[in-house]
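Structure, as structure tokens:
The values are calculated or read from the model by the stated rules, or taken from the named source; none is laboratory data. Just so you know, these numbers come straight off a predicted model, no measurement behind them. Cβ placement follows ideal geometry from the backbone for every residue including glycine, while neighbour counts extend to all protein chains displayed.
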Amino acid sequence: MPGLLLRTLRGENGDRRPIWLMRQAGRYLPEYRALRAQKGGFLPLVYDAEAAAEITLQPIRRYGLDGAILFSDILIVPYAMGQDLEFLAGEGPHLSPRLADAALSSLHAVPQRLSPIYDTVKLVRAQLPADKTMLGFAGSPWTVATYMVNGEGSRDQHETRAMAYRDRAAFQAIIDAIVSVTVDYLAGQVLAGAEAVQLFDSWAGSLAPSEFERWVIAPNAAIVSALKKRFPELPVIGFPKGAGEKLPAYARETGVHAVGIDETIDPVWAARELPAGLPVQGNLDPLLLLSGGDEMERETLRILDAFADRPHVFNLGHGIGQTTPVEHVAQLLGVVRGWSR
Ligand code: CP3
């Protein structure tokens, strides 16, 4: 029988809630920091399939979470599209040449930069208990484009939003190219053993409504539709962070099988406004996990109660913070596993 997470993503609403945490494999874990120090950097870890598989499994071994998310990064797609990628200590990612200055056509694709990631998925699936779900992922085209155009993170995605207005045809070509590589990349992950995939649209919240239709809904719908043709059973989780009141339209129009919501969304509102029966994932504030205590327990119970009548995957509203005490994760699991209808 498929595990609890996979069954929930397929629309089942049982007595227990599955739980996994965005960024569950990473710096808040001492065993991650030890392996990272040994391998000397983030990208070398991602490209060492054995190490990446080990990191993917670390939070499962420690906590028995219901899903294992592939240890990789959304910026592997621009890297395979031919940009250079560096993660500089304390600075975050850098991509070059940035597409604010260079044409998309000047990049030379390096598709073999994707294959080692499939090896990681294979290694994880072989070691993962059968009732745990292997989650693949990719960035959504808009979020990936913000890094490709600007070359690094930015406060409000100013450069990319301006380019999208100024040069619609060039920007559309960038989005279309990302859609195409992303479909191949996710298909490769599924063929290697991923049982569900998540599309991370971390910067969906910076777009005006008509731009949201064009750069968030349309490309995610294209990815979902291509994946449905190839893998009719594959659940796709869409996570348009910051989408706010645009969430119901996103859920209806993209065709995603489950929608991830961030901590700014009232769970009672989401339970009422999102399409009936659609699995929802979220949405504890990562800062409540950092602070722990009674306040965290109260809000966790509020979220569990709000989604009692629909399939719900417990998660954070965004990635786990690197200074989060490991005991707080154990406390959260106790509350989620102790809940019953
Ligand atoms: O545990 C997991 O969730 C799986 C692995 C994962 C990573 N990045 C590992 C990582 C996933 C799913 C991501 C997604 C990702 N990467 C997103 C979308 C989700 C989000 O957080 O909004 C984005 C925008 C990125 C791009 C990225 N990667 C940035 C901006 C940074 C630097 C800032 C930071 O958090 O360190 C990264 C580096 C990165 N990706 C690390 C990890 C574990 C830190 C690497 C390190 O220094 O050890």
Scanning the stretch 13-64 residue by residue, the ones that are more than 11 Å from the ligand (Cβ to nearest atom), outside any loop (DSSP other than H, G, I, E, B) and without any contact (Cβ under 8 Å) to a residue 40 or more places away in the chain total 6
Filter pass, Phe171 being buried (at least 20 other Cβ atoms within 10 Å of the Cβ), more than 16 Å from the ligand (Cβ to nearest atom) and in contact (Cβ under 8 Å) with a residue 12 or more places away in the chain:
yes
Among the residues of the stretch 311-333, is there at least one that is without any contact (Cβ under 8 Å) to a residue 12 or more places away in the chain and either surrounded by 17 or more Cβ atoms within 10 Å (Cβ to Cβ) or not aliphatic (A, V, I, L, M) (or both)?
no
Here is a list of conditions, (1) in contact with a helix residue (DSSP H, G or I) (Cβ under 8 Å, 6 or more places away or on another chain); (2) of a type outside the set (D, E, K, R); (3) at pLDDT below 95, and Leu128 meets all of them except one; can you say which number that is?
(3)
In the stretch 259-285, the residues that are without any contact (Cβ under 8 Å) to a residue 40 or more places away in the chain and crowded, with 20+ Cβ neighbours inside 10 Å:
Val259, Ala270, Leu274, Val280, Gly282, Asn283
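In the stretch 65-83, what residues are within 17 Å of Leu114 (Cα to Cα), within 10 Å of the ligand (Cβ to nearest atom) and of a type outside the set (Asp, Glu)?
Of all residues in the stretch 65-83, those within 17 Å of Leu114 (Cα to Cα) come to 69-83.
Now drop any that are not within 10 Å of the ligand (Cβ to nearest atom), which leaves 69-76.
If the condition is that a residue be within 17 Å of Leu114 (Cα to Cα), within 10 Å of the ligand (Cβ to nearest atom) and of a type outside the set (Asp, Glu), then Ile69, Leu70, Phe71, Ser72, Ile74, Leu75, Ile76 are the ones that fit.
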Evaluate the following for Glu211: is it in contact with a Leu (Cβ under 6 Å, 6 or more places away or on another chain), charged (D, E, K, R) and modelled with pLDDT of 95 or more?
no
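Do any helices (runs of 4 or more DSSP H) lying entirely in the stretch 176-295 carry at least 1 residues that are touching a His at 6+ places or on another chain (Cβ under 9 Å) and within 15 Å of the ligand (Cβ to nearest atom), and which ones are they?
286-291
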